[in-house]
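The values are calculated or read from the model by the stated rules, or taken from the named source; none is laboratory data. Given the structure is predicted, the values throughout are model-derived calculations rather than measurements. Glycine also receives a Cβ, built like all others from the backbone with ideal geometry; neighbour counts cover every protein chain displayed.
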Amino acid sequence: MEKVLKYSILRYSPSKIAGEQINLGIIFDAEADTYREFRYSKKFSRVSNFDDEVDIDVVKGLLKQIKQDVEGTLFSYGNFDIDDYVNYYINDFSFEKPKQIIYEDLSEVLESLYKTYFRFEFDKADRPTKEDDKKMVARILRDSGKKLINERSIFGKYHDKVTYDIVTDDYKIKFFDFDNKDLNKLVNSAKAWAWNGRHNTGSELIIIYRYSDEISKHHNEEFDVIMNILDESNVKVVNIDKGLQLLQ
């Protein structure tokens, strides 16, 4: 029998209009293994950098309370329902709708998900690689019932061959890796993919970018140039976090 892990990300967003948000914690709920955990970020300086007006003591208190709520019912497993619990948080601090992922090795899937959503908790050498992120996206798609197509090269409008990282009946996905890169050298690549987007037909084209320095990117002119180029085309551009939300 397949084992299914439910999980939900807690995010802080001081302005729903601006849409900026930061991940604070994640609930894991694996009924088959009678396992439940709320694991949260310990790098509160990132939260302060994200919003210098937030009260960190309030944030810490909230996270500790959620941990107690979630893990305090381990010995009465049936009294906790993740779908109901996350509905209590609908303001600045809110959980996403719980998602599911199939697993064989519980420890492996817990670590993979936590590293994907909380890569800043780890030293650079221990953060997920581009290949790790691609594998996670592919895994999420498969567990969502999507069939991955082996042939990832598709002929474009002028019979030019365009190669994607992941292809399904619904999506064509390309990864942009900005980590430790000279972004100025990626501007021409962005222009090429913007052209591909404007001439895309059939399944939706999604560009998922990896940029570990989420705070500093807002002050990076080259990053803004690349985003502006891509935004003017028929392309959905998201980071790995929002990409996983979208594809699930």
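Return yes or no: is ILE173 closer than 25 Å to ILE26 by Cα and assigned to a strand (DSSP E or B)?
Details: closer than 25 Å to ILE26 by Cα: no; assigned to a strand (DSSP E or B): yes.
In short, no.
Residues in the range 148-205 that are small (Gly, Ala, Ser) and closer than 16 Å to LEU247 by Cβ: how many? Give the steps one after another, and end with the answer.
Of all residues in the range 148-205, those small (Gly, Ala, Ser) come to 153, 156, 189-190, 192, 194, 197, 202-203.
From what is left, the residues that are closer than 16 Å to LEU247 by Cβ are 203.
Final tally of qualifying residues: 1.
Considering the range 119-151 alone, what residues qualify as being charged (D, E, K, R) and either touching a helix residue (DSSP H, G or I) at 6+ places or on another chain (Cβ under 6 Å) or in a loop (DSSP other than H, G, I, E, B) (or both)? Give the steps one after another, and end with the answer.
Keep residues of the range 119-151 that are charged (D, E, K, R), which gives 119, 121, 123-124, 126-127, 130-135, 139, 142-143, 146-147, 151.
Once the filter is applied, which keeps residues that are charged (D, E, K, R) and either touching a helix residue (DSSP H, G or I) at 6+ places or on another chain (Cβ under 6 Å) or in a loop (DSSP other than H, G, I, E, B) (or both), the range 119-151 yields ASP123, ARG127, ASP133, LYS146, LYS147, GLU151.
Go through (1) surrounded by fewer than 17 Cβ atoms within 10 Å (Cβ to Cβ); (2) in contact with a Ser or Thr (Cβ under 9 Å, 6 or more places away or on another chain) one by one and return the number of the condition ASN87 breaks.
Evaluating ASN87 over (1) surrounded by fewer than 17 Cβ atoms within 10 Å (Cβ to Cβ); (2) in contact with a Ser or Thr (Cβ under 9 Å, 6 or more places away or on another chain) leaves (2) as the failure.
What number goes with the only condition from (1) at pLDDT 85 or above; (2) under 25 Å from ASP123 (Cα atoms) that ILE166 does not pass?
Against the list (1) at pLDDT 85 or above; (2) under 25 Å from ASP123 (Cα atoms), ILE166 comes up short only on (2).
If I go through the range 93-143 residue by residue, how many of them are of a type in the set (Val, Ile, Thr), loosely packed, with under 13 Cβ neighbours inside 10 Å and farther than 23 Å from ILE206 by Cα? Break it down stepwise before answering.
To start, the set of residues in the range 93-143 that are of a type in the set (Val, Ile, Thr) comprises 101-102, 109, 116, 129, 137, 140.
Right, trim to loosely packed, with under 13 Cβ neighbours inside 10 Å and you get 102, 129.
Now narrow it down to the ones that are farther than 23 Å from ILE206 by Cα: 102.
Total meeting the criteria: 1.
I'd like the residue in the range 191-221 that is in contact with a helix residue (DSSP H, G or I) (Cβ under 7 Å, 6 or more places away or on another chain) and part of a loop (DSSP other than H, G, I, E, B) and, out of all such residues, is modelled with the lowest pLDDT.
Among those residues, the one meeting the criterion is ILE215.
Listed here are the residues, each with its yes/no results for (1) out of contact with any strand residue (DSSP E or B) (no Cβ under 6 Å at 6 or more places or on another chain); (2) in a loop (DSSP other than H, G, I, E, B).
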site	(1), (2)
ARG36	no, no
ARG39	no, no
ASP52	yes, yes
LYS60	yes, no
GLN100	no, no
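Of the conditions (1) farther than 16 Å from TYR88 by Cα; (2) in contact with a helix residue (DSSP H, G or I) (Cβ under 7 Å, 6 or more places away or on another chain), SER8 clears all except one; give me its number.
(1)
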